[in-house]
Amino acid sequence: MKRADKKALLELFQTYKEPLGNYIGAEGLQKLFEDLQVDPSDIVTLVLAWKLRASSTCEFTETEFVEGLANLQVDSLEKLKRKLSSLRKEIEDPSKFKAFYQFVFQYSKEPSQRSLPAETAMALWDILLRGRFSLLDSWLEFLKNNTHSISKDTWNLLYDFSQLSETDLSDYDDNGAWPVLIDDFVKWLKKEQPNKHES
Amino acid sequence: MSNSFPRFPYPLSFEEGWSFIWNKGFLPLQQCLESGMDSRKKYGAEQWMAIYNTVYTLCTQKPPHIYADQLYVSIKETETQYLRERVLPSVKSLHDEFKLKELVHRWENHKVMMRWIRKIFGYLDRFYVKRAQKPTLDELGYNCFRDNVFQAVKAEARSIVLSLLEKERMGEIVDQLLIQSVVRIFVELGNGSLKLYTEELETPYLKAVAEYCKAVSNRWAEEDSFPVYMIRVEEALEDEVRRCKTYFTEQTEERSLLICEAELLDAHQLKLLMKEHSGFIPLLLQGRKSDLARWYRLFSRPGVSQGIEPAAEMLRTQILQEGNDVVKAFRARLEQNDKGGGEKSSHGQEFIETLMEIHERYLEVIITCLGSHARFYRAIKEAFESFLNQPLGSVTSAELLSTYCDILLKASGEIRHLSEDAIEEKLEKVVKLFSYLSEKDLFGEFYRKQLSKRLLFQRSLSEDLERSFITKLKMTCGSQYTSKLEGMVTDMHLSREVQEGFHVWLQSNAIQQVLGNIDFNVTVLTTGHWPTYKSDDIYLPEELSRCLSVFQEYYDSRTSQRKLRWVHSLGVGTLHCYGFPLTKGKSFELQVSTHQMCILLLFNDAERLSFQSIRKSLNVGNSEQDVEGLKKYLNSLCNSKYPILSKSTTAIHEENAENEELYEINLKFAPLSRRIKIPLLMARINQEEKEATRTAVDEDRRHAIEAAIVRIMKSRRTIDHQRLIVEVSQQLMQLFNPDPKVIKARIEDLITREYIERDEQNSSLYKYVA
C-alpha cells in the first residue's frame, strides 16, 4: 500500500479549515460531510471522529485530520468516502463498539464539564444505540422528565445495561452496582409496563 | 520337732501333698464358711505354716517333681466345685431379699476364701503366675465366682434390686445397706474396671429411670399446671440425686440426671411453655418470680438440649408485642393531633416513660429470676431495637427521647417535684433506651440544640446532671460523639470567667460610666461546638452598641486574633418602664429579648410608628423571611397577655395593608406584677429548627458515608459492590443505619470525582484511584 500523501491531506485540510483558525470548525465539517454525501447525524461521522482521535466535538485540528487520515491510509476525498463503509463494519464488533461508545462521551462533552447535558446524551444515544438497545425508546422517554446531566459512569454502564437481554430484567438487582439512574429506570419501567417485565 | 514340719517323704508326691492341703486347709475352711464360724479361729500358726510349707515343697522340688501347674489347676477346681455345689444352689433356693442377702453373704465368704488362698499359695502368685501367663490367684477367684455364681443369678439379683429401688421411689422404706452391698458386688467383680458394673447394672437401671420419667412426665404434663409440674420435677430430680449418691457411682449420677432432664424437662418444654394460663408468658405477666426462677434453674441444666432458647424467643416476642402496641397507640394519637384534635405536648413524655417502664420491668425479671443470662439480655435488646426504631409519623423516637431528656434536665412540669438523685436515676434509664436507637446521630443533633437553649437561657437544673448525662453518652458512643456537647458546657464556664474579668476590668479602668446604668453581660461561645445561629445586623440603640464596643475592647485585650460575631436573636434584656398611667406612678420591669427591646426603645422617641419605619430603623431587610421574623417579634409585643403595643391598620393604602400596620404604645397596659417576663421566641425548638436538624443530619450522614467509602477503598484497594456496602454499614452502624441507596449515590459521586473507578472487566468491582 502506498504511504498516504501528507501533502495532499494538507491541501484537503486547507479546503475545509476555518478562515481564522487552524482547525476545521462546524461549518467546515458540514461542507465535508456534504461532499462525502453523508448525513451529519449518521453514526459514521462519530466513528470518523473516533478514528481520528478528535478531542472535541465539531472540530478537527490539523494534526488530528492529517495524521489521523494518514493512519487510515486515506489521502483523498474519494478514499475517505470508500473508507467510511469499512468504518461502519468495524463498529459491528462489540469490543470495538464499546471503545467507540465510551469515546463519544469524552468527545461530546464540554472540556470544562464532567458530565454531559441530558439532551445531548439523548440525541447521541438515539444515533449510537438505535437498533442495539431494545429498550432505547423507553429509556429516552424516562429521561425526558428525569434528569439534567449524565455522568461518565452512567454513560458507560448504560452500554452494559443495553447488552442485557430483555428477559434479564426480572433478575435485575437494584442492590447491585448499577448506577442509581438505571435503577430508577428499571423501577419506572416495571411500574409503567408491569406485564412485560414481571419475573 | 513341732507339727509345723510334717515329715514328708522325699520327693513329696502331688497326691499326698494335695491331700494334706485339702484336709488341713480347704475342708476346715469350707466348714467354717458353711457354719459361719470365724475361720481365723480354726487355724493356729502352726497349721498355717504346715500348709504353707507343703505348698512350698510342692513347688520347689526338683523336676520332675515340680507340681506348680497341678497345684494351680487344683485350686481352680476346688473353688469351682465348691461354688457350684454349695454356693450357687443356696443362693438359687431363696427369693427376693433373702436371695440378695444370701448372695451378699456368699460373696463375703468367697472373699475370705480368696484371701486365704492368696496367703497360702502366695508362692504361686510370686513365682509361677507370670511365667505361666496365668491369671493371679485373686483374678482367678473373681473369675470363678463370676462365672459360676454371678452369671447365673445376676439377672434375678438385678431385677430384685431394681424393684426395691422402685419401691423406694414410691416412698417405701427399703434395706439400703443390702442394696449397697449388692451394688458393691457388681463393682468389685470388675476387679478394677467398671465395665461389668456399667453393662450389667447401670445400663438397665438407666433404662428403668428413663421409662419411669417418660411415664410420669406425660401424666404430670397433662394434669398439672406449669408451676406445679416444675415443683414435681424439682422434687423428682432431688430424689434421684439422693438415690444415686446412696447407691451408685458419680458417673451413674451424672448419666441418670441427664436422662431425667431430657425426659422430664426437654421433652415437654414447648408444650409447657405454651400452656395457656400457666405457661411462660402468663408467669411473666403475673410476675410469678419464684416460679420463673425455678424454671430457669431447671431448664438451664445440661440435660435440656434446647435449654433456655425457646423461652428467650417467647420473651423477645412478648416484649416486641408490648412495645409495638405502645408505638401503634402513640402513632394513632399523633395522627389525630396532626389533623387538629387532642392536645399535644405530654404524649411524647408519656410514650418514653411507658417504654422505660416496660424496660425496667423486664430487666428486673431477667436479673432476679432468669439468672441475668446473656441470652435474655439479647432478647430484650432485639425487641427494643426492633420497635423503638419504627416510624412514628411526624416525629422520630430520637427526637422524643431527646425532648424527654430536656424535660428531665430542665426539671419542668411534674419532674419539678423529683430530687436530683431521682432525676439521675431516670437519666440512667434513658441512656439504656438510647443504646437501642439506630438514629443516634439524629438524637445527638436534637440534644445539642436543646442543650444550647438550656445553657443559654439558664434552664438547666444542675450542671452536674448535665455533665453526668454527657458522660453516660460518652460511655455508650465514644468521646467523638460527645466532644461538642462537652465543649458547650465548658464554654459556659469560660464565658463566666470572661464575664468576671470584664467586670473587674470595667471597675479598675473606671469605664463603668461609659456604659451608663446598663448592667451588661456577654456569653462567649466557641463556634464549632454550638449549633449554627444566624447573626444579624440589627441596629442597636446607641447605649447598647456602646456596650458592645467596650466589650470588644476588653476581649481583644485578653485574646488575640479572635473575631466576635454577635447573635442578637439569643440575647435577653430587662427594661425599666415608667409612665404608664395605669401603674399609678410605679415602675415595672419587662424581661424581653434583644429584638423586642430594640423595638420598644424606638417608642421612647415616637408615639406611633409604622411597620416600615420600624423595619428601616432597625435595619431589617425586605425579604419575606426578614419581614416574617420582624412581624413575629412585633406580634409578641401585641398579644393579649402582654399588650404593651397596640396595632392598627391604616385605611390609606389598601393594597399594602399587609405591611403598613401602625404600632403605638398601649397606654392602657396594666401589668399585674412588677416583673414581667415576655415569653421568648427562641426558647424552644420550633418546627423550622426541627426541619433544619433533619437536613443537617442527612448532610452529615452523606459526608460520613463518603468518608467511610474512601477509608475502606484506601485500605482495600479493590472491593466488590456488595462487600463495600456491608463494610460501610458496619463502620457507621454505631451512629445510624445508612441507606444502601444513599451509599450508592455517594459511590457514583466519588466515581465522577475520580476517587474510585470501576474495574474494566467487572463493573461490580471498584478500584481505589491513588
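So here's what we get for this one:
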item: Candidate set from the range B:720-758 (those that are closer than 14 Å to residue A:183 by Cβ and of a type outside the set (Val, Ile, Thr)); member that is farthest from the chain's Cα centre (by Cα); result: B:748
item: Sole residue being under 26 Å from residue B:749 (Cα atoms), within 12 Å of chain B (Cβ to nearest Cβ) and at pLDDT 85 or above, chosen from A:161, A:185; result: A:161
item: Residue among B:315, B:408, B:334 that is touching a Ser or Thr at 6+ places or on another chain (Cβ under 8 Å) and either part of a helix (DSSP H, G or I) or open to solvent by 50 Å² or more (accessible area, probe 1.4 Å) (or both); result: B:334
item: Given (1) touching a Gly at 6+ places or on another chain (Cβ under 8 Å); (2) open to solvent by 30 Å² or more (accessible area, probe 1.4 Å), index of the condition residue B:517 fails; result: (1)
item: Selection within the range B:83-124 - of a type in the set (D, E, K, R) and crowded, with 20+ Cβ neighbours inside 10 Å; result: B:106
item: Hits in the range B:723-751 (condition: polar (S, T, N, Q) and buried (at least 16 other Cβ atoms within 10 Å of the Cβ)); result: B:729, B:731
item: Answer from B:106, B:131 - the residue that is at pLDDT below 90 and either more than 19 Å from residue B:247 (Cα to Cα) or not in a helix (DSSP H, G or I) (or both); result: B:131
item: Set A:53, A:82, A:132: member being of a type in the set (Lys, Arg), in a loop (DSSP other than H, G, I, E, B), more than 20 Å from residue A:181 (Cβ to Cβ) and more than 14 Å from chain B (Cβ to nearest Cβ); result: A:53
item: Any hit, the range B:352-372, residues being loosely packed, with under 15 Cβ neighbours inside 10 Å and not in a helix (DSSP H, G or I); result: yes
item: Checking residue B:642 against (1) assigned to a strand (DSSP E or B); (2) modelled with pLDDT under 85, the condition it does not meet; result: (1)
item: Enumeration of residues in the range A:115-173 that are touching a residue at least 24 places away in the same chain (Cβ under 8 Å), open to solvent by 20 Å² or more (accessible area, probe 1.4 Å), more than 18 Å from the chain's Cα centre (by Cα) and over 24 Å from residue B:756 (Cα atoms); result: A:138, A:146, A:166, A:170, A:171
item: Residues (touching a residue at least 12 places away in the same chain (Cβ under 8 Å), out of contact with any Asp or Glu (no Cβ under 7 Å at 6 or more places or on another chain) and charged (D, E, K, R)) located in the range B:267-318; result: B:271, B:275, B:288, B:289, B:291, B:297, B:309, B:313
item: Selection count where residues are in contact (Cβ under 8 Å) with a residue 24 or more places away in the chain and under 18 Å from residue A:117 (Cα atoms), scope the range A:174-191; result: 4
item: Yes/no for residue B:177 being open to solvent by less than 30 Å² (accessible area, probe 1.4 Å) and part of a helix (DSSP H, G or I); result: no
item: Residue within the range B:540-562 that is part of a loop (DSSP other than H, G, I, E, B), closer than 21 Å to residue B:679 by Cα and of a type in the set (Lys, Arg) present; result: no
item: Single residue of the range B:430-455 satisfying the filter (within 14 Å of residue B:473 (Cβ to Cβ) and among the basic types (Lys, Arg)) that is most open to solvent (accessible area, probe 1.4 Å); result: B:432
item: Residue in the range B:244-253 that is open to solvent by 40 Å² or more (accessible area, probe 1.4 Å), modelled with pLDDT of 90 or more, acidic (Asp, Glu) and in contact with a helix residue (DSSP H, G or I) (Cβ under 9 Å, 6 or more places away or on another chain) present; result: yes
item: Per-region count, the range B:545-585, residues aliphatic (A, V, I, L, M), crowded, with 18+ Cβ neighbours inside 10 Å and touching a residue at least 60 places away in the same chain (Cβ under 8 Å); result: 2
item: Helices (runs of 4 or more DSSP H) wholly inside the range B:681-770 that include at least 3 residues being more than 25 Å from residue B:473 (Cβ to Cβ) and within 12 Å of another protein chain (Cβ to nearest Cβ); result: B:721-732, B:740-752
item: Single unsatisfied condition, residue B:703 versus (1) open to solvent by 90 Å² or more (accessible area, probe 1.4 Å); (2) modelled with pLDDT under 90; (3) closer than 30 Å to residue B:567 by Cα; result: (2)
item: Test: residue B:580 is more than 60 Å from the chain's Cα centre (by Cα) and closer than 22 Å to residue B:629 by Cα; result: no
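The values are calculated or read from the model by the stated rules, or taken from the named source; none is laboratory data. Computed from a prediction, not measured in an experiment: that's the story for all the values here. For neighbour counting, all protein chains shown are included, and Cβ atoms are generated from backbone atoms with ideal geometry for every residue, glycine included. Remember, those area values only see protein heavy atoms, side chains included, never the ligands or the DNA or RNA. Shrake-Rupley method; radii C 1.70, N 1.55, O 1.52, S 1.80 Å.
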